[in-house]
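A.B. asks: Dropping the structure in here first, questions after.
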Amino acid sequence: MPARLVDQSTLTDNSVYMSSGGHAVFDTVLLTDGYLYQLPQHLARFKKSAHMAGIKLPFSDEAVMRVIMDTAAASKKMNGLYV
């Protein structure tokens with residue numbers, strides 16, 4: 001399938017742009033002994049990558065960290081989980 005150009009000004013959020021062949025970033029955090037190893041550093045790297053890709057993050061750092069911590073807690077695991 002050939003690539004298609006998308007007028008970014010017509011998009012309402014990043015998820016629409018991503019599904020249209022746009023940019024995406026991700027990072028993982030290792031859970032060790034119930035501790036999310038270097039979570040603030042991972043979030044800083046994620047934000048830098050998003051900025052470099054031209055993606056504006058719609059949530060505060062606190063909200064993102066809360067979702068990550070809640071996800072880890074919901075897993076009921078203490079080790080070896082990548083969030």
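A.B. asks: At 0.36 nm per residue, and after removing the present C-alpha to C-alpha distance, how many nm does the segment from E62 to F26 gain when stretched out fully?
C.D. replies: Gain on extension, E62 to F26, equals 11.2 nm.
A.B. asks: Now a separate question. Would you list which lysines come within 28 Å of K56, measuring only between C-alpha atoms, while excluding same-chain residues fewer than 8 positions from it?
C.D. replies: Candidates past the 8-residue exclusion: K47, K48.
A.B. asks: A further question on this structure: Putting +1 on Lys and Arg Cβ atoms and -1 on Asp and Glu Cβ atoms, find which of V25, F59, Y37 reaches farthest to the positive end of the dipole of the range 25-82.
C.D. replies: Going by the charge dipole, the pick is V25.
Read the figures in this text as sums done on the coordinates, not as results from a lab. The structure displayed is predicted, hence computed values, not measured ones. Quick reminder, even Gly has a Cβ in these numbers, built from the backbone with ideal geometry, and neighbours come from all protein chains shown.
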